[in-house]
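Presented below is the structure to which this report refers.
Each reported figure results from applying straightforward, stated rules to the coordinates on display, with no laboratory input. All of these numbers come straight from a predicted model, not from anything done at the bench. Cβ placement follows ideal geometry from the backbone for every residue including glycine, while neighbour counts extend to all protein chains displayed.
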Amino acid sequence: MRAIQLKAVFVDANPTLAGAAERLLRLEDVAFTINRAPDIVSDELPAALSGAQIAIIDHTNLPTHIARQCAGLRDVVFLGTGARSYMNPDELAELGIVVHTIKGYGDTAVAECAIALMWAAARDLSAMDRGIRAGQWLRTDALQLTGRTIGLVGFGGIAAEVARLASGSGMRVLAWNREAKEHAAVTFVRIETLLAESDVVSIHLALNDETKNFLSRERIAAMRPGAILINTARGALVDEDAMIDALRAGRLRHAGLDVFAVEPLPPGHPLTLLPNVTLSAHSAFRTPEASENLLRAAVAHCSAIAMRATDASAGG
């Protein structure tokens, strides 16, 4: 058996991920520590990562000035694709810290959440639920989605699953992607066409410098009047102020949101006061199946990191 060479700390394991981590984070050449306090703050990371070469991070911010204090840290395994919402990989690279991301682990889970938010928005379920709980018999006219058009902004694994579910519900599926793609039952169009013709617009872009505020005030204004907006990707992809203005004015019928510009969403935030918004706490990917996929991928990253460290040691 090879001697343990590396130490890895899962710094913010929520209860669901902690259970999977206990079963799956096992390697001969990596010693894993699982921190079951998911609300750890950035200032506590240098102590939590003391002596660790690998940090496994689910949702905790790792500012560059904090990473600089984490002596020995060489790799960050981020549990998802949106690392840039929590750290600056380019700046960390300058410190010699490599950020690894995980794709595809929760495509079905996130797609199902996007579809659920779409149906909830079309039926005004959240508004009726709140009304009934408050003693009001609130009834609203729903938007029937069969025969309607959904537009997918960005087309990767999640969007492909949304397309499958939406087309199975009798919807016409449009998509726009930065690179040319083909997919059965999906018509790829220019972004202007998608916004103008879609009854539902669902965001599926990765967040980077080019896509920040991709759905700008101008693009929101170009959407079909009365459209539904769904975002299960990243809050910063949408101009939040412009979206709120469009919701208040009724240009957007409803927004179903799992992600926000600032998370957790602060109490009293304007989005919490609008009746035509359905909110979810960045939980689209949280299913047991996705959590298991996520942790298995994290183990694979750690194994590759340990192998490289062993090879480097042997070569040195």
Output the 0 to 90 degree angle, nearest 10, between the alpha-carbon long axis of helix 240-249 and the longest principal axis computed from the alpha carbons of the chain.
20
Given points 7 Å out from each Cα along the Cα-Cβ axis, report the Asp39 to Leu95 separation in nanometres with one decimal.
2.5
GNM of the chain, Cα pairs under 10 angstrom: of Leu17, Leu252, Leu274, the biggest fluctuation goes to Leu274
Restricting everything to alpha-carbon atoms, can you work out Rg to Rh for segment 157-316 with a Kirkwood hydrodynamic radius?
1.07
Arrange the following residues from fewest to most other Cβ atoms within 10 Å of their Cβ: His100, His65, His254.
His65, His100, His254
Here the tail fraction of P(r) beyond 26 Å, over all Cα-Cα pairs of the chain, rounds in percent to 51
Two pseudo-spin positions, 7 Å from Cα along C-beta at His269 and at Ala31, lie apart in nanometres by 4.0
Compute and list, largest first, the equivalent-ellipsoid semi-axes of segment 8-84 from the alpha carbon gyration tensor, each √(5λ) rounded to a whole angstrom.
18, 15, 11
Cross-link partners among lysines for Lys212, C-alpha distance below 29 Å, same-chain residues fewer than 8 apart left out?
Lys103, Lys181
Local electrostatic count, Val200, Cβ distance below 10 Å [Lys/Arg +1, Asp/Glu -1]:
+2
Dipole of segment 107-279 (Lys/Arg Cβ +1, Asp/Glu Cβ -1, origin at the Cα centre): which of His204, Met171, Gln144 lies farthest to the positive side?
Gln144
Please tell me the relative contact order of segment 107-279 in percent, rounded to the nearest whole number, where contacts are Cα pairs under 8 Å and at least six residues apart.
22
CD proxy, 222 nm, the chain: helix-only mean residue ellipticity via -39,500 (n - 2.57) per DSSP H run with n ≥ 4, per residue, nearest 500, stands at -10500 deg cm²/dmol
If one compares the long axis through the Cα atoms of helix 107-123 with the longest principal axis of the Cα atoms of the chain, the angle in degrees, nearest 10, works out at 30
With Cα atoms, 0 to 90° folded angle of helix 157-168 axis to the chain main axis:
30
Full-extension gain in nm, Ala47 to Arg296, via 0.36 nm per residue minus C-alpha separation:
87.0 nm
So how far, in whole Å, is the C-alpha centre of segment 180-196 from the one of segment 1-66?
41
By counting other Cβ atoms within 10 Å of each Cβ, how are Lys7, Lys103 ranked from fewest to most?
Lys103, Lys7
In debye, nearest 20, what is the charge dipole magnitude of segment 107-279 about its Cα centre with +1 on Lys and Arg Cβ and -1 on Asp and Glu Cβ, if you could check?
460
Looking only at Met171, Met128, Met118, which one moves most when the chain is put into a Gaussian network model with springs between Cα atoms under 10 Å?
Met128
Highest-MSF residue in the chain out of Ala227, Ala121, Ala185 [GNM, Cα springs under 10 Å]:
Ala185
